[in-house]
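Structure first, commentary second.
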Amino acid sequence: MGRESSPKQTMAYTVEQLVALNPYNPDILPDLEAYVNEQVSSESYSLDANLCLLRLYQFEPERMSTQIVARILVKALMAMPAPDFSLCLFLIPERVQMEEQFKTLIVLSHYLETARFRQFWDEAAKNRSIVEVVPGFEQAIQNYAIHALSLTYQKVPRTVLAEAINIEGPAFDKFLEHQVANYGWVVEKSQGRGQVIVLPRTEFNHPELKKSSSDGIPLENITKIFPILG
Amino acid sequence: MAAASYDYDDAPGYEEGGPRATDLGYDPNFVPDSVKTFVVHLYRHIREKNVYEIHQMYEGSFQKLSERMFKESPWPSVDAVSAYVDNDHVFCLLYREMWFRHLYARLSPTLKQRIDSWDNYCSLFQVVLHGVVNMQLPNQWLWDMVDEFVYQFQSFCQYRAKMKNKTEQEIALLKQFDQAWNVYGVLNFLQALVEKSMIIQILEQEKEGLEEFTANDGYSYTGGSNVLKVLGYFSMVGLLRVHCLLGDYHTGLKCLQPIDISQPGGVYTSVIGSHIATVYHYGFANLMLRGYVESIREFSKMLLYIFKVKQYHQKSPQYEQILKKNEQMYALLALSLSLCPQVKLVAEDVNTQLREKYGEKMMRMQRYDDEAYALYDELFSYACPKFITPSAPTFDEPLVNYNQDAYRLQLKLFLYEVKQQQLLSGVRSYLKLYSTISMVKLASYMEVDEPTLRSILMTYKHKTHAVSVDGKIISNADVDFYIDDDMIHVVETKSAKRYGDYFMRQIVKLEEMIHEVDRVKLD
């Protein structure tokens with residue numbers, strides 16, 4: 001997923017520390033803005049730092065940069081399935097959300113939240129200027145789509161998968177090959193038509209793997225009847 | 001009239017229409033004997049570190065005197081009583097804190113009074129933070145300080161945001177004292193109390209048995225002071241609350257993390273007001289983050305607790321507040337359950353109450369039509385915190401009110417989430433009827449095409465699998481399923497009846513009863 005792999009670890013460490021030590025200090029605002037750009041260029045991510053910046057904007061709206069806010073929101077979309085996009089919206093004044101670029105991002109988020117991937121990719125294609133400034137965008141969304149599919153399917157029809165991640169033709173075959181080799185995917189013939197892809201087992205698509213925590217009786221309840229038994 | 005010389009009357013008190021301190025012939029310098037006795041005794045008990053007596057006077061005498069003598073006027077000014085307490089600096093700060101709290105509760109504070117109260121908190125917290133306070137105060141009092149501090153901040157933001165009716169004088173004051181109740185100041189005081197008290201480290205060390213905090217309810221029995229430690233502890237709850245008021249739920253929950261609320265017996269439960277505030281905000285934040293199971297579980301526990309202990313609080317000054325929060329938490333529970341129908345997590349007594357209060361509304365909320373949205377709106381608006389806009393006004397003409405902005409935004413985003421989930425209740429009810437069903441069949445039952453059905457099913461999975469603050473995926477699903485190619489397999493998450501637990505409880509009950517019967521002597 002590449003979220004943690006920042007090539008400039010030392011920089012990340014410093015800003016994270018800055019946030020931890022000064023969560024309510026307006027002086028770190030420029031550092032946090034620079035850090036957003038740093039996250040974009042180095043394909044790293046820090047929700048806490050970005051929320052801290054949005055908080056400072058909330059306290060002093062006159063210092064807000066809508067360009068930075070837009071970048072934070074694109075990064076938050078890339079963090080799906082985590083609810084980061086909503087977390088950011090909660091802090092952004094409604095009048096700012098009315099701006100065209102934010103309306104677009106909200107629509108994109110809506111498509112992702114409701115798993116309408118076809119519409120999402122169409123809409124994203126129309127708004128390359130907003131999303132393509134952030135490297136790794138496409139892949140992050142593909143990862144989310146695979147996450148959502150893996151929660152839902154044991155075996156997913158090839159066409160459904162291809163549409164969700166927006167890859168077709170030879171590129172799709174290459175993608176599949178890669179997943180089969182590295183992540184244990186299996187390509188099978190479907191009973192009816194075409195192929196199905198067997199996704200890795202998780203407790204979510206194989207609910208029988210879920211450990212049942214409701215079995216058994218807590219020890220403290222048993223201790224209550226010790227005196228009676230004795 | 002003596003009140004004319006009282007320097008608090010330079011801003012008109014008009015706010016919520018309560019009586020004004022200055023209207024009532026109130027003489028701030030007159031100290032009745034009962035007040036003299038009160039401060040002298042309270043001062044002595046504080047010096048002697050007699051927590052029990054302090055608590056009695058704080059909870060009992062102060063309320064009684066307020067009820068009897070200061071129903072519609074403030075207590076005597078601090079300058080008038082300081083002579084009876086050796087002009088003790090810290091005592092005077094504490095007295096003023098109570099003085100303002102009483103004023104806020106019974107009268108409408110003027111802008112100048114709001115600013116003065118802020119100054120008093122600054123002085124009080126600074127004294128505490130410098131570690132020169134060597135007192136032992138009841139948890140109730142320390143909680144009330146943090147609670148009131150956050151309340152007055154919220155109240156100030158609400159007041160300031162109503163710009164339309166401000167007089168020139170008020171605007172001049174707002175500009176002059178722009179640091180009063182400044183959001184940075186408020187957050188930094190709470191944060192400083194957490195840090196200086198070392199409470200996070202203390203709670204860590206307690207887990208390893210190196211420190212006793214929870215076991216003593218935060219009190220110190222070795223001659224030390226509990227004030228900084230316990231204020232630091234409650235400040236974590238204060239931070240959770242402020243962040244919720246700002247719509248920053250993630251950060252709020254992070255602030256509370258050092259307190260493990262799944263464990264019974266934390267110090268926050270030692271005061272009912274703090275117990276309720278903690279769970280209310282924790283549950284609300286989780287509701288907004290789609291952590292429905294967590295909010296249902298904690299609301300249910302809290303409501304059951306209130307259900308059981310309510311009667312013992314009838315005479316307490318917090319009783320009304322307890323009832324109000326109780327009702328609000330039922331509304332929040334109704335919202336959580338409408339989005340995530342995990343009724344099995346709810347205690348039986350709570351569920352009965354819930355059905356009585358919201359049973360019919362919850363049925364209608366499942367329909368996801370306009371009326372249903374109106375109900376989601378109604379319950380949310382009734383039960384949500386009083387959101388604030390923390391920034392100062394721009395003072396540009398024309399002056400506009402912005403006190404509703406923050407609330408409207410949170411409501412809108414919540415309803416947005418509800419709309420994204422509107423098709424889930426339909427699919428949920430079909431899934432309950434089948435163990436397997438083909439995509440084609442379910443699509444025709446739901447009157448949608450196949451791609452739409454696939455989206456709905458994935459949305460169901462996505463929305464019922466929340467990502468927690470620490471990045472783990474947590475299933476909130478009541479009905480679960482998986483798809484194998486074109487076939488949906490439904491997995492019954494029937495909660496195995498916990499017979500073991502049931503019998504265990506009955507054994508204990510029976511034993512108690514036999515014991516009771518044995519004690520009855522037959523003549």
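Is there a quick way to get the dipole size of chain B? I mean about its Cα centre, with the Cβ of Lys and Arg at +1 and of Asp and Glu at -1; what is the value in debye to the nearest 20? For chain B, the charge dipole is close to 780 debye. Take the Cβ atoms of B:Glu447 and B:Lys324, set R0 to 56 Å, and the FRET efficiency comes out at 0.80.
Could you list the residues of the stretch B:341-376 with an amide nitrogen less than 20 Å from a label point located 7 Å from the Cα of B:Lys310 in the Cα-to-C-beta direction? Zone members listed by number: B:346-362. Basic side chains Lys and Arg get +1 at the Cβ, acidic Asp and Glu get -1 at the Cβ, and with that the dipole of the stretch B:373-437 about its Cα centre reaches some 480 debye. Relative contact order, whole percent, for the stretch A:1-159 stands at 22, derived from Cα pairs under 8 Å and 6 or more residues apart. Straight Cα distances below 18 angstrom link B:Lys301 to the lysines B:Lys310, B:Lys324, B:Lys325, B:Lys344, B:Lys357, with same-chain residues fewer than 8 positions distant left out.
Relative to the dominant Cα principal axis of chain B, helix B:405-420 is inclined by about 10°. Gain on full extension, evaluated as 0.36 nm per residue between B:Glu348 and B:Tyr151 minus their Cα-Cα distance, stands at 67.6 nm. Bridges between two residues of the protein assembly as shown, per DSSP, are antiparallel at a rate of about 90%. Farthest towards the positive end of the charge dipole of the stretch B:423-523, among the residues B:Met446, B:Phe503, B:Gly426, is the Cα of B:Phe503, using unit charges on the Cβ of Lys, Arg, Asp and Glu. May I ask which residue of B:Val346, B:Thr167, B:Gln63 lies farthest towards the positive end of the charge dipole of the protein assembly as shown, with charges of +1 (Lys, Arg) and -1 (Asp, Glu) on Cβ and the Cα centre as origin? Farthest towards the positive pole: B:Val346. About its Cα centre, the stretch B:109-416 has a charge dipole of approximately 480 debye under the convention of +1 per Lys or Arg Cβ and -1 per Asp or Glu Cβ, with nothing else charged.
Contact order, relative form, for chain B: 11 percent (alpha carbon pairs under 8 Å, 6 or more residues apart, mean separation divided by residue count).
Along the axis of the charge dipole computed for the stretch B:211-340 (Cβ charges of +1 for Lys and Arg, -1 for Asp and Glu, origin at the Cα centre), the listed residues B:Tyr219, B:Gln328, B:Gly238 are led at the positive end by B:Gln328. Amide H to amide H, with H built 1.01 Å from N, A:Gln154 comes under 5 Å of B:Ile483, B:Asp484, B:Asp485, counting only residues 5 or more places away or on other chains.
The lysines within cross-link reach of B:Lys164, meaning a Cα-to-Cα straight distance under 29 Å and a gap of 8 or more places when in the same chain, are B:Lys112, B:Lys175, B:Lys386, B:Lys412.
Here are some pairs, B:Lys432/B:Lys463; A:Lys75/B:Lys463; B:Lys71/B:Lys162; B:Lys207/B:Lys254; which of them have Cα atoms lying more than 23 Å apart in this structure?
B:Lys71/B:Lys162
Helical runs (DSSP H, four residues minimum) scored at -39500 (n - 2.57) apiece and divided by the length of the protein assembly as shown put the mean residue ellipticity at 222 nm at -19000 deg cm²/dmol. Backbone amide hydrogens, once placed in the peptide plane, bring B:Ser220 within less than 5 Å of B:Asn226, excluding anything fewer than 5 places away on its chain. Please compute the modelled spin-label separation between B:Val440 and B:Val491, points set 7 Å along Cα→Cβ, answer in nm with one decimal. Using points 7 Å along Cα→Cβ, the separation is 2.7 nm.
A short reminder: the numbers here are calculations on the coordinates, not readings from a lab. Predicted model only: the values in this text are computed from it and were never measured. FYI the Cβ positions are ideal-geometry reconstructions off the backbone, even for glycines, and counts take in every protein chain you see.
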